[in-house]
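Notes to accompany the following structure.
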Amino acid sequence: MNTLDGKVALVTGGAGGIGAAIAHRFAAAGARVVVADLDPAGETTAREIGGVFVRTDVTRLEDNLAAVRTAIERFGGLDVAVLNAGIGEHGSFVEEFRPEHYRDLVAVNLDGVVFGMHAALEAFTERGSGAILATSSLAGLSESPMNALYSATKHAVVGLIRSVAPLVIEQGITVNAVCPTFIDTPILGEAVPFIKDLGVAVLEPERVADVAELVLARGGTGQAWPVVPHGDPAPFAFGALPSIMSDPHHPVPEAIS
Ligand SMILES: NC(=O)c1ccc[n+]([C@@H]2O[C@H](COP(=O)([O-])OP(=O)(O)OC[C@H]3O[C@@H](n4cnc5c(N)ncnc54)[C@H](O)[C@@H]3O)[C@@H](O)[C@H]2O)c1
């Protein structure tokens, strides 16, 4: 069954890279797509897929609310919010800490997801259904000494989706993340050949779109899906840590893994 046919999707960071690949894939599956990006190149993505572009700075709550409003006004509602806009880390936290850069990383990679989630949840709660899919990173599941602050923001996104999922499961809303390894997009800048020289695979953005589509089709919630070169895509199996959620007064819904 095609879960995207006739649906309305918002894709932040949809001007290029992974976001554009997801926007194209969703449109090909029959979705109407709102491309939200700071970069006016999002206009081109939107034109290519018969969607709508809305200039959006995800670090601003009002912009996220306006992007969701655009989906409702232009397409009659919102079914899927892909919170994908992000920036990479430059320089080493240990050798050269730049507080402004840290603030930017948190503003785009974390605030952007929190604000986008808030805006989408308002629309979804009213409707009684909806799916949120955030782009975290493999650096959101493992240590990543090359970009420690980026990694911290991406871990935060994983914590966020896992924690919000149980709060909205009764409203028919799913909240998941994809966690890609290295993907050949502008965010990696000049690093692609160096990564490849290390023998590490760099995947095409369409691989993330494959997994994004699969996550939505599976319909689970609270899951973080690695996007890696090997094996069949599957949600990351978190270890059985002691959890306050195992408190019998706050049971974890069965659908949450
Ligand atoms: N490429 C990789 O190796 C990789 C791996 C794991 C996760 N990711 C994540 O995937 C997501 C997409 O990145 P990408 O690889 O496609 O890189 P990219 O640079 O091609 O795309 C990022 C997009 O986000 C947009 N953006 C940046 N700041 C914004 C803001 N304040 N408001 C709105 N839009 C903004 C950019 O204009 C751009 O279109 C990011 O969250 C990134 O952290 C990337």
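Here is the figure for the range 64-97: residues that are under 25 Å from G172 (Cα atoms) and out of contact with any helix residue (DSSP H, G or I) (no Cβ under 6 Å at 6 or more places or on another chain) total 13. The single residue among R69, R32 that is touching a residue at least 24 places away in the same chain (Cβ under 8 Å) and either over 17 Å from the mean Cα position of the chain (by Cα) or at positive phi (or both) turns out to be R32. If the condition is being aliphatic (A, V, I, L, M), away from the ligand (no atom under 13 Å from the Cβ), closer than 30 Å to R127 by Cβ and not in a helix (DSSP H, G or I), then the range 152-209 contributes I173, V175. Restricting attention to the range 1-16, the residues that are in contact (Cβ under 8 Å) with a residue 40 or more places away in the chain and either crowded, with 21+ Cβ neighbours inside 10 Å or among the acidic types (D, E) (or both) total 9. Filter the range 159-211 for residues that are under 20 Å from T12 (Cβ atoms) and in contact with a Leu (Cβ under 6 Å, 6 or more places away or on another chain); which is surrounded by the most Cβ atoms within 10 Å (Cβ to Cβ)? Top of the filtered list is C179. Which residue, of G116, G88, is within 20 Å of the chain's Cα centre (by Cα) and crowded, with 18+ Cβ neighbours inside 10 Å? Testing whether each residue is within 20 Å of the chain's Cα centre (by Cα) and crowded, with 18+ Cβ neighbours inside 10 Å leaves just G116. Among the residues of the range 70-85, are any among the charged types (D, E, K, R), at pLDDT 95 or above and touching a strand residue (DSSP E or B) at 6+ places or on another chain (Cβ under 8 Å)? Yes, the range 70-85 contains a residue that is among the charged types (D, E, K, R), at pLDDT 95 or above and touching a strand residue (DSSP E or B) at 6+ places or on another chain (Cβ under 8 Å).
Here H249 clears all of (1) modelled with pLDDT under 95; (2) in contact with a strand residue (DSSP E or B) (Cβ under 6 Å, 6 or more places away or on another chain) except the condition numbered (2).
The values are calculated or read from the model by the stated rules, or taken from the named source; none is laboratory data. Everything quoted here is computed from the prediction, not taken from an experiment. Heads up, the Cβs are rebuilt from the backbone with ideal geometry, glycines too, and the neighbour counts pull from every protein chain shown.
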